[in-house]
1. So, with a 1.4 angstrom probe, what is the percent of accessible area on the chain that is carbon and sulfur?
2. Quick one: which of Lys52/Lys128; Lys52/Lys112; Lys52/Lys91; Lys91/Lys200; Lys36/Lys200; Lys112/Lys160 span more than 27 angstrom between C-alpha atoms?
3. Is the shape of segment 11-136 best called rounded, prolate or oblate, per the rule: a/c under 1.5 gives rounded, else a/b larger than b/c gives prolate, else oblate, with a ≥ b ≥ c the square roots of the Cα gyration tensor eigenvalues?
4. Return one number: the angle in degrees, 0 to 90 and rounded to the nearest 10, between the long axis of the Cα atoms of helix 106-120 and the longest principal axis of the Cα atoms of the chain.
5. Can you tell me the orientation of helix 193-204 relative to the chain, as the angle in degrees between its alpha-carbon axis and the longest Cα principal axis, to the nearest 10?
6. Can you list the trypsin sites (Lys or Arg not before Pro) in segment 12-69 that are in a DSSP coil and have 13 or fewer other beta carbons within 10 angstrom?
7. Using just the helices of the chain, give the 222 nm mean residue ellipticity in deg cm²/dmol: DSSP H runs with n ≥ 4 each add -39,500 (n - 2.57), and the total is spread over all residues, rounded to 500.
8. Round to a whole angstrom and tell me the spacing of the C-alpha centers of segment 176-190 and segment 129-146.
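The values are calculated or read from the model by the stated rules, or taken from the named source; none is laboratory data. Everything quoted here is computed from the prediction, not taken from an experiment. Cβ atoms come from the backbone with ideal geometry, glycine included; neighbour counts cover every protein chain shown. Side chains are part of the model used for accessible areas, which takes the heavy atoms of the whole protein and leaves out ligands, DNA and RNA. Shrake-Rupley method; radii C 1.70, N 1.55, O 1.52, S 1.80 Å.
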Amino acid sequence: MIVVHHLNNSRSQRILWLLEELGLAYELRKYERDPKTMLAPPELRAVHPLGKSPVITDGDITVAESGAIIEYLIERYGAGRLVPPPGTPEKRRWTYWLHYAEGSAMTPLLMKLVFDRIEHAPMPFLAKPVARAIAHKAKASYVMPQIESHLAYLEGELAKSTWFAGPEFTADIQLSFVLEAAAARGGLDARYPHLVSFLKEIHARPAYQRALERGGEYALLG
């Protein structure tokens, strides 16, 4: 039995979605973030030494990292679904998007989250204006331009085809978290109509909705 060690408001939501799209049975074990630190609980370290999510267990096999989990599940249980045929341009794009989502696109979004927290974090009175000024400058001069660059790139790529890797729905699950995070806190708005439409389409998929029902509240959507 596949077990998903699911942390609330995390990338593991898209693993639930993938399993629902594939129609696979799985057990869900939920973990809650610390309300003050927003970090995962120490219980996750019993599953994987880094104590992060997503992570799945499948018998005596443990797999962490979103891209690796997606590749494992599709290779072992996909039966050709949700992946283009080997050797095709679409398969190369599938592989690219699988790595791009975490390797490139998420970095500036995570940086923005960190600097946003610095701006609003409690600190000594004299340090507050300095810290906020540094955070504001970093966001304005580097972080936001980087996010906007990635969104413009993704908008242009999605304008070329129905889905990111081609005419069929395949790599799009991996990119979902990036775009939902960008919509929640990274400036994804009506300036990017193809991306807005993409989010509407994936949110309407029955498997996506089933994953939300099982995984619980997903704050990135708001």
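1. Working: 6700 of 11340 Å².
Its accessible area is 59 percent carbon and sulfur atoms.
2. Lys52/Lys128; Lys52/Lys91; Lys36/Lys200; Lys112/Lys160
3. Values: a/c = 3.46, a/b = 1.72, b/c = 2.02.
Judged from the Cα gyration tensor, segment 11-136 comes out oblate (a/c at least 1.5, b/c at or above a/b).
4. Once rounded, the angle reads 30 degrees.
5. Tilt relative to the chain: about 60 degrees.
6. Here the sparse-neighbourhood loop sites are Lys36.
7. Details: 9 runs with 113 residues, N = 222.
Rounded to the nearest 500, it is -16000 deg cm²/dmol.
8. That distance is 19 Å.
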